[in-house]
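J.: First the structure, which I've put down as C-alpha cells, then a few questions once you've had a look.
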Amino acid sequence: MLHVLILAAGLGTRLKPLTDSCPKPLVPVVDASILEHQVRFVKTLGDVTLHVNAHHLAEKLEKEAKQLGFFKVWQEQELLGTGGPIHRMAKEMDIDELLILNGDCFCSLDLKAFLNAARASQSSVALLCRNFSKVNTLLIENSKLQGIANKFLFGNPTSRATFSGISWYSKKALQNIRESERDVRDFWKRLIENGDSPATFLAKENSLWIDMGTPIGLFNAVKARLSQLNKTNWIDSKASLGNNVLVGDNVVIHQDTFVGDSAHLENAVILPGAKLEPKQVYKNQIVGENFTWGLE
C-alpha cells in the first residue's frame, strides 16, 4: 500500500488573520476544505494510506482528518520542516515508499505518471517540477537535481525548474534520512554527494498548479474549482442573503455569512462569519469575519 503524507503543519502566516482561528488546511475552497481537495487529488491513485502532520490548531485539523479517513495525524510539538516528519515516519513505521504533497497546492498534475516514472528512475528520491520562471530555483542536468539556487551547486546544470511540492521517497531514502535534516534540501544535497541525485520530472505546461497559501492564490484556486464544477458562482445553502442581492461571476458565498439587501458582488469570496453591508459593492475582494483582502 502506498503511504501518502500531506504536509499541513505550517502556521499559515500569509493568510492571517483567517488562520488565527482556522488552520490553513481547513480554509474552504468553494465546496470543500483545502485538505479535502488534496485528499480527492491523491485518491486519483486509488487506495492509499493517508497521513498528515499538524501543529498550528492541531486539534481542529485532527478532527477533520479523521472524518476524511486519514490513517494517522502526526502532531508536532515544534515545527520539523519537511525532513523531520519523513524521518519520524520512517523511524516509527515500516514504509516501502512515501508520496509527499504540500498541503496548500491546488493542482491537476498527473500523479500516476509521476509515480510510475519515480519508481522506474533508479533514484531513491524523485521530485515533480513545474516550469515557473519566477521561482525556477531547482538546477537540473539530465533530469537529475544538481543544485538549488543560492543553496548549493554541483556539476553544470543545463535547465531550471520549480518544485511543485510533490515528491517520492523510496524505502532506501526513508532509511537514510537523518533526524538533523529537517530542511529536506540538506538531504537532497547529501544524496547528490553520494551519487544518488534525486530524479526530476517536469509536469505538462498546461497542468493546473496553484499555491493556495496567499489571498490571490486562494482566489485563483476558487476560480479553478468553479471551472471544474462548471459554475460561475456558488452559494452555500446556509448563507443568509437579503433582498435584491446581485451576484456576478466568480462569487462564492460560504455558510454562516450575511449579505445585506441590494449588495453587489463580483469576483468575491465571502468566508464564514462575514457580514456584508446593504447597498455596497464587493468586487475583487475576499471578505472574512472582521477583515477584507483586496485582490488588485
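J.: What part of the accessible area of region 124-279, given as a whole %, is carbon or sulfur when the probe is 1.4 angstrom?
T.: 44
J.: Another one. Rounded to the nearest 0.05, what FRET efficiency do Glu289 and Lys223 have when you use their Cβ-Cβ distance and R0 = 22 Å?
T.: For Glu289 and Lys223, the calculated efficiency is 0.45.
J.: I want to check the label-to-label distance for Thr13 and Asp183. Put each point 7 Å from Cα in the C-beta direction and report it in nm to one decimal.
T.: 1.5
J.: With a/c under 1.5 counting as rounded, go ahead and sort region 70-125 into rounded, prolate or oblate using the C-alpha gyration tensor (a ≥ b ≥ c being the square roots of the eigenvalues; past the cut-off, prolate if a/b is larger than b/c, else oblate).
T.: On the way: a/c = 2.16, a/b = 1.39, b/c = 1.55.
Because a/c hits 1.5 or more and a/b fails to exceed b/c, region 70-125 counts as oblate.
J.: Using alpha carbons only, how many angstrom separate the centre of region 203-250 from the centre of region 136-153?
T.: 35
J.: Between Val135 and Thr214, what length in nm is gained on full extension when 0.36 nm per residue of separation is reduced by their alpha carbon distance?
T.: Length difference between fully extended and current span is 26.9 nm.
J.: Mind listing which GluC sites (Glu not before Pro) in region 24-91 are in a DSSP loop and have 10 or fewer other Cβ atoms within 10 Å? Provide the component values of the computation, followed by the final result.
T.: Details: sites: Glu36, Glu59, Glu62, Glu64, Glu76, Glu78; in loops: Glu76, Glu78.
Passing sites in region 24-91 are Glu78.
J.: Pop out the carbon and sulfur fraction of the accessible area of region 12-61 as a percent, whole number, probe 1.4 Å.
T.: The value for region 12-61 is 50 percent carbon and sulfur by accessible area.
J.: Is region 40-104 best put as rounded, prolate or oblate by its Cα gyration tensor, with a ≥ b ≥ c the root eigenvalues, rounded for a/c under 1.5, and otherwise prolate when a/b is larger than b/c, oblate when not?
T.: oblate
J.: If I stretch the segment between Arg40 and Asn194 completely, what's the gain in nm (0.36 nm per residue apart, minus their alpha carbon distance), one decimal?
T.: Extending this stretch completely gives an extra 51.8 nm.
J.: I've got another one for you. Which order do Ser262, Ser180, Ser33 take when ranked by solvent-accessible area (1.4 Å probe, heavy atoms of all protein chains), largest first?
T.: Ranked list, largest accessible area first: Ser180, Ser262, Ser33.
J.: If I stretch the segment between Glu296 and Glu78 completely, what's the gain in nm (0.36 nm per residue apart, minus their alpha carbon distance), one decimal?
T.: Details: separation 218, 0.36 × 218 = 78.48 nm, distance 3.57 nm.
Difference between extended and current length: 74.9 nm.
J.: Rounded to the nearest 5, what % of DSSP beta bridges with both residues in the chain are antiparallel?
T.: Roughly 45 percent of the DSSP beta bridges within the chain come out antiparallel.
J.: Over every pair of different alpha-carbon atoms in region 167-296, take the mean of 1/r and invert it; report that Kirkwood radius in Å.
T.: 17.8
J.: Which value in nm describes the separation of the simple spin-label points at Asp31 and Lys151, placed 7 Å from the Cα toward the beta carbon?
T.: Once both label points are built, they end up 3.7 nm from each other.
J.: Leaving out ligands and nucleic acids, note down the accessible area per residue over the chain with a 1.4 angstrom probe, in whole Å².
T.: 47
J.: Among Asn136, Asn102, Asn150, whose mean-square fluctuation peaks in a Gaussian network model of the chain (Cα, cutoff 10 Å)?
T.: Sorting by GNM fluctuation, first place goes to Asn150.
J.: Name the shape class, rounded, prolate or oblate, that the alpha-carbon gyration tensor gives for region 1-87, where a ≥ b ≥ c are the square roots of its eigenvalues, rounded holds for a/c under 1.5, and otherwise prolate holds if a/b is larger than b/c and oblate otherwise.
T.: Oblate, because a/c is 1.5 or more while a/b does not exceed b/c.
J.: Next question, about the same structure. Take Phe71, project a point 7 Å from its Cα along the Cβ direction, then tell me which residues of region 147-177 have their backbone nitrogen under 20 Å from it.
T.: In region 147-177, the label zone of Phe71 (backbone N under 20 Å from the point 7 Å along Cα→Cβ) covers 166-177.
J.: Given the rule -39500 (n - 2.57) for each run of at least 4 DSSP H residues, summed and divided by the residues of the chain, what is its mean residue ellipticity at 222 nm, to the nearest 500 deg cm²/dmol?
T.: Dividing the helical sum by the residues of the chain leaves -7000 deg cm²/dmol.
J.: What whole number of Å gives the distance from the Cα centroid of region 30-107 to the Cα centroid of region 170-192?
T.: 19
The values are calculated or read from the model by the stated rules, or taken from the named source; none is laboratory data. Values in this document were obtained by computation on a predicted structure and should not be read as measured data. All Cβ positions, even for glycine, are placed from backbone atoms using ideal geometry, and neighbour counts span all protein chains on display. Accessible surface is based on the protein model in full, side chains and every heavy atom, while ligands, DNA and RNA are left aside. Shrake-Rupley method; radii C 1.70, N 1.55, O 1.52, S 1.80 Å.
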